[in-house]
There are 2 protein chains.
Amino acid sequence: MPEVEWLEGGVTAVPGILAAGIHGGIKAGGKPDLALVYSSVPAAAAAVFTTNRIQGAPIKVSREHLKGGAAQAIVASSGNANVATGEQGVEDALEMAQLVAAALRIPVGRVLVASTGIIGQPLPMEKIRAALPKLVKALSPQGSRHAAEGIMTTDPHPKEAALRVEIGGRPITLGGIAKGAGMVHPRMATMLCFLATDLAIAQDALQAALRRAVAGSFNRISVDGDRSTSDTVFALANGLAENRPVRRGGRGFRAFQQALETLAQRLALMLVRDGEGATRIVEVQVRGARSRRDAEVAARAIANSLLVKTALAGEDPNWGRVIAALGASGAAVEEDRVALWFGDEQVVAGGRLREGALRERMKAELAKKEVLIQVDLGLGHARDRIWTCDLTEEYVKINTRYS
Amino acid sequence: MPEVEWLEGGVTAVPGILAAGIHGGIKAGGKPDLALVYSSVPAAAAAVFTTNRIQGAPIKVSREHLKGGAAQAIVASSGNANVATGEQGVEDALEMAQLVAAALRIPVGRVLVASTGIIGQPLPMEKIRAALPKLVKALSPQGSRHAAEGIMTTDPHPKEAALRVEIGGRPITLGGIAKGAGMVHPRMATMLCFLATDLAIAQDALQAALRRAVAGSFNRISVDGDRSTSDTVFALANGLAENRPVRRGGRGFRAFQQALETLAQRLALMLVRDGEGATRIVEVQVRGARSRRDAEVAARAIANSLLVKTALAGEDPNWGRVIAALGASGAAVEEDRVALWFGDEQVVAGGRLREGALRERMKAELAKKEVLIQVDLGLGHARDRIWTCDLTEEYVKINTRYS
């Protein structure tokens, strides 16, 4: 790992990046619901989208615009996802890009679009039309937090992070904002994340680095097992650091990829911490698996088990539920080889309660705000990890009356 | 479908079947926690067990005893699942069979065993040893309900059903008891079900009929996506109807298989209705799928989505969540071909809100105690259906403090 220095300022910590967030009339109560991230110069652009077969209209428009490989602005709305809205939805997403492009005097193909919120309702375009010029005027080099607020739905807190890392002898800045909350899951969530850097990097290298960073961060978290139609991670690299452009597999690529993953991971953990109703963050590590795939499915099965997650909410050392989830995961499991730890306390050895394991110590481990569950399958050398949160009555309360 | 007549009396409606349920000291508060089903003559025996890779000790013992193809008794305990208990667990399960066999004066190999409850604790064998002779003494031809109570964990109600059907010109009785509640899921749940009939049938035919009946009933319900280590369905056929024995594929087989499935389905729906914290039962039908597998995964994805299930608890017609779950299911989906109904009210046509769909009418459909969600994928002719329940704060409350 290259050494990183954490910075204030989120996405606007990056030279040449401005941002804004305002209330445009989508959400009730005057909360910010429009966000803009802008690079003062054209940037290499990369994206990772949801794997859901039904995808929001903004994703369709952004995919088109990404074909050029460059972008200069990301416009986003919250409160309405513009999904399952047919042709009108695509026209509306395109119009958002057009209006922002006109106000910024850049080609429409350099504007990416994202939306999050309720599915199946047309966007209130009259209000959005009136608000977008104001959004552009609000752009500021300290605008990261406002933009982070502008993409929130049920998130309790705005999420932003930035870091500096040395690549090829130069200090490079990376920053980003994200939103998550409900529907956070394996292989993307209702999750938006906009990353930026001043690194000069070839577009295909940026795309490769982003794909790997997402695999190690947003695709390793889980709140409730649902996958959204709107998940989007964008990355802009504007080259203002004036380094010799980084190429795929070339010098500096690995350092950048790792720094990008580190940043994405920090934002991903903020998402888990803010999971709807969550009171603690839980890291599930599985090792000793026969294959990487087995390690992954075992870790996901534990992280997604409602019975495990509700037990965690109650700080209840009901380790049998972990064992049951493991057995149901589909991974190769031999009962008498399974070992399990809550934090540092070994609970299970050889598939059964370890002699001398103390319930009080298990409870103490589960009472922590950051809980570690480790499983050793004793069958091989593969490992994986997934972050999740507990499941409380509050989650159900939030989601019982949403629309 | 053969015509069936529903009967009172549960499993003991079947000639030659006696049952009992008593408190043996496993559960606190004097509730029944031991159950026994007994056939006055040896019966052909069949079973379907959990697909969880970690399986309870009683399953290991029952598998051995089933090799003989015949059984005469099923002994079950609740409150403790005897899972992840190592060699001692297997010895304890075997001892339960031995004690029952001795009291009934039958070979130990004719006793099947099942347990449900907390994982990882040794059975309180001293108490069970003292109680099993009392359990045998309590056997009665009206004992079905007591036995149904003896296998309950968090189930609010005991579950029993019986029916009469004509097979090969003779009236045949089928009866059963079941327990479910938490962890009810695709491909078996913490779910015990003991079925019996007076039909004379070859053992392999009974096994084939049972496997199909389970596929169409218990494997088509879902409460919370977890699969238990203890799921067991047993079937005993004691032949007291003195019909010419039914053979696989022979005369009467299909009628029996359908009657068995009808009985199992009624018990399965009782399980869903009693899902932890559930306030309504939901049938998810998917048709127009490209393949049967696609229909199944799509229906399961909707039935298992926490966001769908919490919306149902709130009678919230948030159909976008159904669409999102569908898209995430992995089934082939083309957005503009999707149609969706809540009850009789068509909500989505061509992938978007149907013109004229009324929110108030959607809400009225979701307010029912039995909700129907229908999806037409518009891609083929395959169909499937899954029954589930809503997810309420009560579910979380029950599962936050269990052990």
### Message
Would you confirm, using the coordinates I've provided, whether residue A:387 is within 14 Å of chain B (Cβ to nearest Cβ), touching a strand residue (DSSP E or B) at 6+ places or on another chain (Cβ under 9 Å) and of a type in the set (Phe, Trp, Tyr)?
### Response
no
### Message
I want to confirm something. Restricting to region B:48-58 and keeping residues that are over 18 Å from residue B:101 (Cβ atoms) and touching a residue at least 40 places away in the same chain (Cβ under 8 Å), which single residue is farthest from the other protein chains (Cβ to nearest Cβ)?
### Response
B:48
#### Entry: Close pairs (7 angstrom Cβ cut-off, 6 or more residues apart or separate chains): not assigned by TED's automatic domain parsing to the domain that holds residue B:132 in region B:1-25, in a loop (DSSP other than H, G, I, E, B) and not charged (D, E, K, R) anywhere
none
## Note on the structure
Of the candidates A:12, A:51, the one satisfying the condition of being in a helix (DSSP H, G or I) and either surrounded by fewer than 23 Cβ atoms within 10 Å (Cβ to Cβ) or hydroxyl-bearing (Ser, Thr, Tyr) (or both) is A:12
### Query
Given the residues B:184, B:282, which is the only one that is modelled with pLDDT of 90 or more and either over 30 Å from residue B:18 (Cβ atoms) or within 14 Å of chain A (Cβ to nearest Cβ) (or both)?
B:282
### Query
If you go through region B:350-371 one residue at a time, how many are surrounded by 18 or more Cβ atoms within 10 Å (Cβ to Cβ) and assigned to a strand (DSSP E or B)?
3
#### Entry: Failed item, numbered, when residue B:362 is tested on (1) facing another protein chain (nearest Cβ under 8 Å); (2) touching a residue at least 24 places away in the same chain (Cβ under 8 Å); (3) farther than 29 Å from residue B:216 by Cβ; (4) touching a Phe, Trp or Tyr at 6+ places or on another chain (Cβ under 7 Å)
(1)
### Message
Any residue that is touching a residue at least 12 places away in the same chain (Cβ under 8 Å), under 23 Å from the mean Cα position of the chain (by Cα) and part of a loop (DSSP other than H, G, I, E, B) - is there at least one of those in region B:307-327?
### Response
no
### Query
Within region B:98-113, is there a residue that is modelled with pLDDT under 95 and part of a helix (DSSP H, G or I)?
no
### Query
Which residues, taken from region A:41-64, are at pLDDT 90 or above and touching a Lys or Arg at 6+ places or on another chain (Cβ under 7 Å)?
A:42, A:48
### Task
Output the qualifying pairs, or none if there are none: Cβ atoms under 6 angstrom, residues six or more apart or on different chains, first residue in region A:74-86 and within 7 Å of chain B (Cβ to nearest Cβ) and in contact (Cβ under 8 Å) with a residue 60 or more places away in the chain, second residue buried (at least 24 other Cβ atoms within 10 Å of the Cβ) and not in a loop (DSSP other than H, G, I, E, B).
A:84/B:323
### Query
Is at least one residue of region B:252-274 part of a strand (DSSP E or B) and assigned by TED's automatic domain parsing to the domain that holds residue B:51?
no
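The values are calculated or read from the model by the stated rules, or taken from the named source; none is laboratory data. Keep in mind it's a predicted model, so treat the numbers as computed, not measured. Because the Cβ atoms are built from the backbone with ideal geometry, glycine has one as well, and the counts that use them run over all protein chains shown.
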